[in-house]
Amino acid sequence: MTVQGDTKALQQLRARIGKVRSPEFKKRVSNVVGHEALSLVLEGFEASKDPYGVRWKGLKTRTGQPLLDTGRLRNSINVRPIDGGFKLATDVKYAPLHQHGGVVVPRRARALRFMVGGKPVFAARVKVPARPFLPDNRGLPRAWAKAFHAIATDFIRAELGAKGGA
């Protein structure tokens, strides 16, 4: 007794699965996921919320939204490819202060000087509340994980030639 069959379709699927496992495929997916992460960070700035959906503490000395006075911090955030994925980064020196919060004290003067409503204000120290704009030790935010999963699923389905929803 013999069994015969055409394995062409199976071999094509096997080749497509091989492409999904390739470093090039992973780079393509990571690039799109990284840009989605950047979009999610920017949405957080616009909504004045951290990546977990928690509203940032309000402002005391000016009107408007926190972290959007000049837009320098928001505009500095970028996505960079790294081995096996991506990283979100900024080169703005005061970014960690806003991400984690902290106290600012003068280095060489007796007081800090800044403007509030066009008038100079002096203070011995200023407490800056944490306003996280990147994920922290709480892990990957649920909304981010959902978005990343959807992107990866779409890429895999497209590569495998699959049809239909999740």
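For A109, state whether it is touching a residue at least 24 places away in the same chain (Cβ under 8 Å) and either part of a loop (DSSP other than H, G, I, E, B) or loosely packed, with under 15 Cβ neighbours inside 10 Å (or both). Spelling it out, it is not the case that A109 is touching a residue at least 24 places away in the same chain (Cβ under 8 Å) and either part of a loop (DSSP other than H, G, I, E, B) or loosely packed, with under 15 Cβ neighbours inside 10 Å (or both).
Name the residues in region 93-106 that are in a loop (DSSP other than H, G, I, E, B) and not hydroxyl-bearing (S, T, Y), would you? Lay out the reasoning, then the answer.
At the first step, the residues of region 93-106 found to be in a loop (DSSP other than H, G, I, E, B) are 93-94, 101, 105-106.
Across region 93-106, the qualifying residues are K93, G101, V105, P106.
For region 45-88, the candidate set comprises residues that are part of a helix (DSSP H, G or I) and touching a residue at least 60 places away in the same chain (Cβ under 8 Å); within that set, the residue that is farthest from W144 (Cα to Cα) is L73. The single condition from (1) surrounded by 15 or more Cβ atoms within 10 Å (Cβ to Cβ); (2) at negative phi; (3) under 17 Å from the mean Cα position of the chain (by Cα) that L67 fails is (2).
Based on what the data block shows, is A143 closer than 30 Å to E24 by Cβ and surrounded by 12 or more Cβ atoms within 10 Å (Cβ to Cβ)? So A143 fits the description; yes. Taken as a whole, the condition of being among the charged types (D, E, K, R) and either modelled with pLDDT of 95 or more or out of contact with any Gly (no Cβ under 8 Å at 6 or more places or on another chain) (or both) applies to R55. Looking only at residues in region 119-160 that are more than 22 Å from the chain's Cα centre (by Cα), of a type in the set (G, A, S) and not in a strand (DSSP E or B), the one that is modelled with the highest pLDDT is A124. With respect to F155, is the statement that it is surrounded by 11 or more Cβ atoms within 10 Å (Cβ to Cβ) and touching a helix residue (DSSP H, G or I) at 6+ places or on another chain (Cβ under 7 Å) true? The answer is yes for F155.
If you go through region 22-31 one residue at a time, do you hit one that is over 16 Å from A130 (Cβ atoms), surrounded by 12 or more Cβ atoms within 10 Å (Cβ to Cβ) and under 14 Å from the mean Cα position of the chain (by Cα)? Yes - at least one qualifying residue is present in region 22-31. Scanning region 120-166 for residues that are touching a residue at least 24 places away in the same chain (Cβ under 8 Å) and among the aliphatic types (A, V, I, L, M) yields V121, V128, A130, L134, A143, A147, I151, A152, I156, L160. Among what's in region 129-138 and is in contact with a Phe, Trp or Tyr (Cβ under 9 Å, 6 or more places away or on another chain) and of a type outside the set (D, E, K, R), pick the residue that is farthest from D50 (Cα to Cα). Looking at the filtered set, the residue picked out is P129.
The values are calculated or read from the model by the stated rules, or taken from the named source; none is laboratory data. From a predicted model like this one, the values you see are computed outputs, not experimental measurements. So basically every Cβ, Gly included, is an ideal-geometry build from the backbone, and we count neighbours across all protein chains shown.
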